[in-house]
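All remarks here apply to the structure that follows.
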Amino acid sequence: MPLRTTSEAGVSIQGPTATLIDDDWYPALRTGALRTGKLKTAMLLDIPLVLGRRGDGRVFALRDSCPHRGIPLSVGWFDGKRVTCRYHGWEFEPCSGRCELIPSLTKIDKLDATRIYATAFRCEERDGHAWVFIPSPGSGKRSTGAEPPVPELAKFGPRYRTAHLWADLPCNVDHGIIGLMDPAHGPFVHQAWWWRSRASIREKTKKFEPIPEGFRMSAHAPSGNSVPYKLLGVYGQPVETTIDFVLPNRRTEQIRCGDKWFSSLTTVTPVTASTCRIDVIAAWNVFSWVPLVTPIAKFFGAKFVRQDQETMIQQAEGLRHNPSLMLIDDADKPAKWYFALKQARLDGTGKHPLSGPVELHWRS
């Protein structure tokens with residue numbers, strides 16, 4: 001369940017806004033919520049969306065606004081084939097956005113309804129998410145295949161378990177992302193017997209390398225001061241983990257232990273310029289013999305995400321007053337790389353902040 005994102009006085013907690021990255025894929029909502037003949041709403045990058053599933057199973061996303069008079073299409077009707085505006089009955093094919101019928105037209109009207117389009121976005125289903133491609137303003141319609149590939153969680157075998165966790169965050173996407181990649185907050189935000197404590201802080205050395213539009217924490221043995229990683233020792237084989245961050249908002253982690261593996265994809269998605277949402281999807285074949293392993297993993301995972309969410313809510317109270325902030329080396333170096341990568345994406349230079357492998361040191 002989402003936590004409150006308002007102050008004790010009931011005022012919405014909102015910090016500073018962030019510049020948003022378009023021309024990329026973002027997860028709008030879970031496809032389990034999409035039923036044929038039903039419409040669901042979502043907000044992405046300050047764009048109101050209406051989503052659904054056609055009778056043939058294909059998911060779609062439209063701007064939640066009729067091009068005629070602007071009423072939300074989500075208050076209309078959907079029969080599995082067409083979305084009908086409740087104001088004047090205009091009917092739209094939802095994947096293309098093409099208008100198929102304007103009931104008010106007569107035989108003497110020369111207007112071709114099919115030349116009118118509601119704004120439709122590319123929408124694909126992956127790992128239980130409806131991913132929506134948000135093009136840059138004024139880019140017009142794109143041909144299929146012009147976009148980068150739809151993000152997908154890596155799997156390393158045909159048999160695995162999965163889970164999904166999420167939380168709303170009352171901060172802009174920049175703060176959400178640098179919080180996601182921050183290695184030093186663990187012993188303070190995530191203090192628990194099943195994770196780590198303040199007394200477990202130790203010096204860490206990690207190697208990083210550049211990858212296209214991101215960076216990688218090179219393959220390494222995972223932290224020995226976290227209980228979940230220690231449990232992998234029961235398999236009696238070396239454990240290795242690799243963590244990637246890739247623009248605009250994706251962190252992937254892959255843990256391998258012989259033929260056993262755990263894979264996760266975490267996204268911090270801008271809902272508006274000042275709020276975001278974190279989603280974690282995971283797949284694994286470790287501990288498959290443990291009874292109720294999926295609900296157990298979701299229980300502890302939800303606690304972990306909730307701790308981050310509570311911290312972000314508290315941080316948002318301070319950010320409302322626009323304080324001066326700072327980043328340090330080496331623990332905040334990934335955050336500096338993120339901002340540099342984002343700026344290079346926005347200004348079109350493509351300049352990467354990493355010229356080669358580097359080694360960072362911190363205590364956590």
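Quick look at the numbers
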{"read-out": "Single residue of HIS321, HIS361, HIS352 found to be part of a strand (DSSP E or B) and out of contact with any His (no Cβ under 6 Å at 6 or more places or on another chain)", "value": "HIS361"}
{"read-out": "Top-ranked residue of region 113-130 - restricted to ones that are part of a strand (DSSP E or B) and under 25 Å from ALA33 (Cβ atoms), ranked as farthest from the chain's Cα centre (by Cα)", "value": "ALA120"}
{"read-out": "Single match in CYS85, CYS66 (criterion: in contact (Cβ under 8 Å) with a residue 24 or more places away in the chain and either assigned by TED's automatic domain parsing to the domain that holds LEU34 or of a type in the set (Asp, Glu) (or both))", "value": "CYS66"}
{"read-out": "Selection count where residues are in a loop (DSSP other than H, G, I, E, B), of a type outside the set (A, V, I, L, M, F, W, C) and on the phi < 0 side of the Ramachandran plot, scope region 63-112", "value": "23"}
{"read-out": "Residues within region 41-74 that are of a type in the set (Ser, Thr, Tyr) and in contact with a helix residue (DSSP H, G or I) (Cβ under 9 Å, 6 or more places away or on another chain), tallied", "value": "2"}
{"read-out": "From ALA146, ALA184, ALA130, ALA192, residue being at pLDDT 95 or above and either among the small types (Gly, Ala, Ser) or not assigned by TED's automatic domain parsing to the domain that holds VAL268 (or both)", "value": "ALA130"}
{"read-out": "Residues located in region 265-274, provided they are in contact with a Lys or Arg (Cβ under 8 Å, 6 or more places away or on another chain) and in a strand (DSSP E or B)", "value": "LEU265, THR266, THR267, VAL268, THR269"}
{"read-out": "Test result for ALA113, touching a Phe, Trp or Tyr at 6+ places or on another chain (Cβ under 9 Å) and closer than 30 Å to VAL280 by Cα", "value": "no"}
{"read-out": "Exclusive hit being of a type outside the set (Phe, Trp, Tyr), in contact with a His (Cβ under 6 Å, 6 or more places away or on another chain) and within 30 Å of ILE177 (Cα to Cα), set PRO16, PRO27, PRO48", "value": "PRO27"}
{"read-out": "Flag for TRP166 being of a type in the set (Phe, Trp, Tyr), exposed (fewer than 14 other Cβ atoms within 10 Å of the Cβ), more than 20 Å from TRP362 (Cα to Cα) and at pLDDT below 95", "value": "no"}
{"read-out": "In region 65-104, residue farthest from LYS40 (Cα to Cα) [restricted to those that are aliphatic (A, V, I, L, M) and buried (at least 17 other Cβ atoms within 10 Å of the Cβ)]", "value": "ILE102"}
{"read-out": "Within region 16-57, strands (runs of 3 or more DSSP E) holding 1 or more residues that are within 15 Å of the chain's Cα centre (by Cα) and outside the structural domain of PRO248 (by TED's automatic domain parsing)", "value": "24-30, 40-44"}
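Condition check ((1) closer than 19 Å to ALA18 by Cβ; (2) aromatic (Phe, Trp, Tyr); (3) crowded, with 18+ Cβ neighbours inside 10 Å) across all residues:
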residue	(1), (2), (3)
ALA316	yes, no, yes
HIS321	yes, no, no
TYR338	yes, yes, yes
GLN343	yes, no, no
LEU346	yes, no, no
SER364	no, no, yes
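Here is a yes/no grid of residues against (1) closer than 30 Å to CYS257 by Cα; (2) hydrophobic (A, V, I, L, M, F, W, C):
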{"residue": "THR275", "(1), (2)": "no, no"}
{"residue": "PRO295", "(1), (2)": "yes, no"}
{"residue": "GLU310", "(1), (2)": "no, no"}
{"residue": "GLY318", "(1), (2)": "no, no"}
{"residue": "PRO323", "(1), (2)": "no, no"}
{"residue": "ALA331", "(1), (2)": "yes, yes"}
{"residue": "GLN343", "(1), (2)": "no, no"}
{"residue": "LEU354", "(1), (2)": "yes, yes"}
{"residue": "PRO357", "(1), (2)": "yes, no"}
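The values are calculated or read from the model by the stated rules, or taken from the named source; none is laboratory data. The model shown is predicted, which means the values in this text are computed figures rather than measured ones. Every residue, glycine as well, gets a Cβ built from its backbone with ideal geometry; the counts of neighbours run over all protein chains shown.
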